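Trainee: Supplied in structure tokens, the structure appears directly below.
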Protein chains: 2
Amino acid sequence: MDTQNPAVDLVLQSALLWSGMIKKADLQLSVHGISFSEFCILHRLFQAPQHRLSRIELASAVGLSASGVTRLLQPLEKMLLVEKEQNARDARVSLVKLSDSGQQIYQDAHQTFGFFANQFMSPLTSRQQETLAELLARL
Amino acid sequence: MDTQNPAVDLVLQSALLWSGMIKKADLQLSVHGISFSEFCILHRLFQAPQHRLSRIELASAVGLSASGVTRLLQPLEKMLLVEKEQNARDARVSLVKLSDSGQQIYQDAHQTFGFFANQFMSPLTSRQQETLAELLARL
DNA sequence: ACAATATACTTGCACAATCAAGCATTGGTC
DNA sequence: GACCAATGCTTGATTGTGCAAGTATATTGT
């Protein structure tokens with residue numbers, strides 16, 4: 001590609017790779033009626049204590065703005081996958097809780113996504129995947 | 001994060017990392033009046049023989065749809081960074097050529113981006129960056 | 001106690017990117 | 001030579017996302 005600056009190529013190569021990855025993931029997840037971003041939201045909620053997080057925490061966890069989270073959650077609320085709750089200590093924060101049906105959908109989607117992720121990473125051995133994870137973790 | 005499936009975490013971690021990277025890159029490039037996507041376009045054009053590519057080639061090179069490329073190029077044409085040219089053999093294709101001023105802007109932006117990319121990759125040694133590039137190249 | 005500042009959202013507007021549909025051109029097939 | 005599928009591109013409508021501004025609540029300083 002570029003003979004001058006390997007870091008430039010590395011960054012551009014990665015950006016291309018991950019934009020393609022997200023498109024493929026979106027396609028796989030569409031059978032569950034959710035997008036990649038929505039899956040990320042559900043994933044973080046599932047991991048959280050009591051499956052509950054504030055919108056701000058959610059935003060930074062998935063790399064979106066606060067307004068992005070607000071809008072992403074609207075359809076999920078209508079589908080009853082998540083519920084709004086109040087925080088007793090601070091009336092500003094409105095907590096998001098994964099509902100029972102949300103957990104169900106998440107687990108179905110997780111299976112699909114896990115299969116996809118394994119397939120996507122299959123050109124690398126487990127050892128190489130670990131190495132990759134370590135390298136990325138430093139960035 | 002997830003104790004069940006390391007590939008899932010790896011993919012989600014990466015997606016988060018690169019979405020953040022693109023935002024930072026956009027910020028850096030804004031001093032040249034271009035976005036990350038526009039920089040990618042200019043980069044590919046600069047590398048191409050005679051700094052010239054068809055819109056389809058450009059689209060796949062930067063991971064956009066054909067219509068995305070059409071729309072991205074409109075402002076660049078107005079700024080006279082690129083020029084439209086016809087292909088003698090096939091009247092369907094309209095080639096995009098990097099103009100002289102486009103090359104100038106690109107080289108300025110490349111310097112900024114190169115600096116950014118080096119900084120972004122600085123937690124990794126050159127050796128590690130090579131390893132990372134090799135691993136990503138397989139995916 | 002009260003003002004000033006900060007935080008947690010939500011909303012209006014703008015923009016980037018996609019898809020579906022359409023147009024023009026090419027190349028193949030009968 | 002005339003249809004027909006495929007290709008390269010553009011356009012209209014829609015979606016996703018961010019930013020700036022607004023509201024409500026909390027916190028800090030005096």
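The values are calculated or read from the model by the stated rules, or taken from the named source; none is laboratory data. None of the values given here were measured: they were computed from a predicted structure. No Cβ is skipped: glycine too gets one built from the backbone with ideal geometry, and neighbour counts run over all protein chains shown. Heavy atoms of the whole protein, side chains included, go into the accessibility calculation; ligands, DNA and RNA do not. Shrake-Rupley method; radii C 1.70, N 1.55, O 1.52, S 1.80 Å.
Trainee: Nearest 100 Å² is fine: how much accessible area is buried between B and A, summed over both sides, with a 1.4 Å probe? Before the final figure, lay out the partial values.
Mentor: Values: alone 9590 and 9600 Å², together 14800 Å².
Buried surface at the B/A interface: approximately 4400 Å².
Trainee: Any idea what the residue A:126 label distances to the other copies are, label 7 Å down the Cα→Cβ vector, nm, shortest first?
Mentor: Shortest to longest, the spacings are 3.5 nm.
Trainee: Taking each residue in A:126-136, count the Cβ atoms of any other chain within 10 Å of its Cβ, then average. What number comes out?
Mentor: Values: counts 2, 0, 4, 5, 2, 4, 10, 6, 2, 8, 10.
Per-residue shielding by partner chains comes out at 5.
Trainee: OK, next. Mind checking which of B:6, B:80, B:28 is farthest towards the positive end of the stretch B:6-123's charge dipole, using Cβ charges of +1 (Lys, Arg) and -1 (Asp, Glu) about the Cα centre?
Mentor: B:80
Trainee: What number, in nm² with one decimal, is the all-direction average of the projected area of the convex hull of the alpha-carbon atoms of the stretch A:43-93?
Mentor: Details: hull surface 14.6 nm².
For the Cα atoms of the stretch A:43-93, the hull's average projected area reads 3.7 nm².
Trainee: For the stretch A:1-45, what is the convex hull volume of its Cα atoms per residue in Å³?
Mentor: Details: hull volume 2.8 nm³, N = 45.
Dividing the Cα hull volume of the stretch A:1-45 by its residues yields 62 Å³.
Trainee: Still on this structure: Quick one: the Cα spread of the protein assembly as shown along its three principal axes, in angstroms, biggest first?
Mentor: Each principal axis gives a Cα extent; for the protein assembly as shown these are 64, 40, 37 Å.
Trainee: Still on this structure, please answer the following. Could you sort A:36-49, A:107-120 so that the peptide with the highest average Cβ count within 10 Å comes first and the rest follow in order?
Mentor: Details: A:36-49: 20.2, A:107-120: 17.1.
Highest mean packing first, the order is A:36-49, A:107-120.
Trainee: Label-point separation (nm) for residue B:24 and residue A:127, each offset 7 Å from Cα along Cα-to-Cβ?
Mentor: 3.1
Trainee: Grab every C-alpha pair in the stretch A:1-79, bin the distances at 5 angstrom width from 0 up to the longest one, and report whole percents.
Mentor: Per 5 Å bin, starting at zero, the Cα-Cα P(r) for the stretch A:1-79 comes out as 3, 13, 19, 18, 17, 11, 8, 6, 3, 1, 0 percent.
Trainee: Suppose all protein chains stay in the model; what accessible area per residue would a 1.4 Å probe give for chain A, in Å²? Walk me through the numbers on the way to the answer.
Mentor: Values: 7400 Å² over 139 residues.
For chain A, the solvent-accessible area averages 53 Å² per residue.
Trainee: Suppose every Lys and Arg Cβ carries +1 and every Asp and Glu Cβ carries -1, with no other charges. What dipole size does the stretch B:6-123 come out with about its Cα centre, to the nearest 20 debye? Can you show the working numbers first?
Mentor: Details: 11 positive and 10 negative charges, 47 e Å.
With only Lys, Arg, Asp and Glu charged at Cβ, the dipole is about 220 debye.
Trainee: Here is a follow-up. Once the dipole of the stretch B:6-123 is set up with Lys and Arg at +1 and Asp and Glu at -1 on Cβ about the Cα centre, which of B:111, B:41, B:68 lies farthest towards its positive end?
Mentor: Farthest towards the positive pole: B:68.
Trainee: How well do other chains shield peptide A:18-28, expressed as the mean number of their Cβ atoms within 10 Å of each residue Cβ?
Mentor: Numbers: counts 12, 8, 2, 5, 6, 1, 0, 3, 0, 0, 0.
That average works out to 3.
Trainee: May I pose another question? Roughly how many whole Å is it from the C-alpha centroid of the stretch B:7-27 to that of the stretch A:17-31?
Mentor: The stretch B:7-27 and the stretch A:17-31 have Cα centres spaced 14 Å from each other.
Trainee: Whose amide H sits under 5 Å from the amide H of residue A:54, counting only residues 5 or more places off or on another chain, with H placed in the peptide plane?
Mentor: Residues meeting the criterion, in which the H sits 1.01 Å from N, are A:96.
Trainee: Over chain A, with every protein chain in place, what whole percent of the accessible area is carbon and sulfur at 1.4 Å, could you tell me? Mind showing how you got there, number by number?
Mentor: On the way: 3880 of 7400 Å².
Answer for chain A is 52 percent, counting heavy atoms of protein chains only.
Trainee: Related question: Once all Cα-Cα distances of the stretch A:6-137 are split into 10 Å bins that start at 0, what whole-number percent is in each one?
Mentor: 11, 36, 32, 17, 4, 0
Trainee: To continue, here is another question. Can you give the calculated 222 nm mean residue ellipticity of chain A, where each DSSP H run of n ≥ 4 adds -39,500 (n - 2.57) and the sum is split over every residue, rounded to the nearest 500 deg cm²/dmol? Intermediate results must be reported in sequence, preceding the final value.
Mentor: Details: 6 runs with 91 residues, N = 139.
So the helix-based figure for chain A works out to -21500 deg cm²/dmol.
Trainee: Can I ask one more? When chain A is turned about an axis onto chain B, which of its residues keeps its C-beta closest to that axis, and how many Å is it?
Mentor: With distances in whole Å, chain A gives A:18, 2.
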